[in-house]
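Taking it in order: structure first as structure tokens, then the write-up.
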Amino acid sequence: MRKWAVIYSSASGNTKTIAEEIADTAGADLFPIQNAPMDLSAYEVVALGYWIRRGAPDDRMKAYLPQVADARIVFFQTHGTDVGSEHAVTSFARAAYLLGEGCEILGTFSAQGKLAPALIERRKKSDPDDTHNSPEAQKRWVRAAEHPNEEDRAAAREFVHKMEHKMDLLEKFLKAQEAKKHAHG
């Protein structure tokens, strides 16, 4: 495996759970965002994980992302919404927009995670017409309470293997392109 760094921000433990799974699978160096290195040049892959806040990475990760430059990136996130929802997909785009220059995004991984009880209580007290307190939202809170689970952890492990395979194929392709260039040069 390549040399990975896994850097994560976690408030309720959801993102930390996924970060640990990715790091264990990749044999990576694991850093909570508070201890994230500024120099990432020793790593072939930098996995950046966060929880979604208002449709974007949480504030700690948002502050760190512009400092990440010239790196191969994989994003992973946890959230109370459904995997593949517009909210979750949009947050990946917002994270990518914040990255420093010269980064290559290899892939993304998303897992549902339980909401903090205090957040649920605040939402229950909000306006019933607020989409964050709708009957559908309340059903999502119940579904999310069971995550991340073993299925999510297994998917995170598989994600690492897929990213490694993707890089193997990319390197093979680039070598073939280089050989072709020299053969015709």
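The values are calculated or read from the model by the stated rules, or taken from the named source; none is laboratory data. Note that the coordinates shown come from a computational prediction; the quantities given were computed from them, not determined experimentally. Because the Cβ atoms are built from the backbone with ideal geometry, glycine has one as well, and the counts that use them run over all protein chains shown. The protein model used for the area step is the full one, side chains on, heavy atoms only, and it has no ligands, DNA or RNA in it. Shrake-Rupley method; radii C 1.70, N 1.55, O 1.52, S 1.80 Å.
Here are a few things to note about the model shown:
- When the criteria are applied in full, ILE7 fails the requirement of being open to solvent by 60 Å² or more (accessible area, probe 1.4 Å) and under 24 Å from LEU170 (Cβ atoms).
- Positions within the range 38-65 being assigned to a strand (DSSP E or B), under 17 Å from ALA5 (Cβ atoms) and of a type in the set (Lys, Arg), in sequence order: none
- Residues (crowded, with 19+ Cβ neighbours inside 10 Å and either within 13 Å of the chain's Cα centre (by Cα) or part of a strand (DSSP E or B) (or both)) located in the range 21-32: GLU21, ILE22, ALA23
- With respect to the stated conditions, GLU86 fails to be at pLDDT below 70 and charged (D, E, K, R).
- Evaluation of LYS16 against (1) in contact with an Asp or Glu (Cβ under 7 Å, 6 or more places away or on another chain); (2) free of Cβ contacts under 8 Å to residues at least 24 places away in the same chain; (3) not acidic (Asp, Glu) (one fails), failing number: (1)
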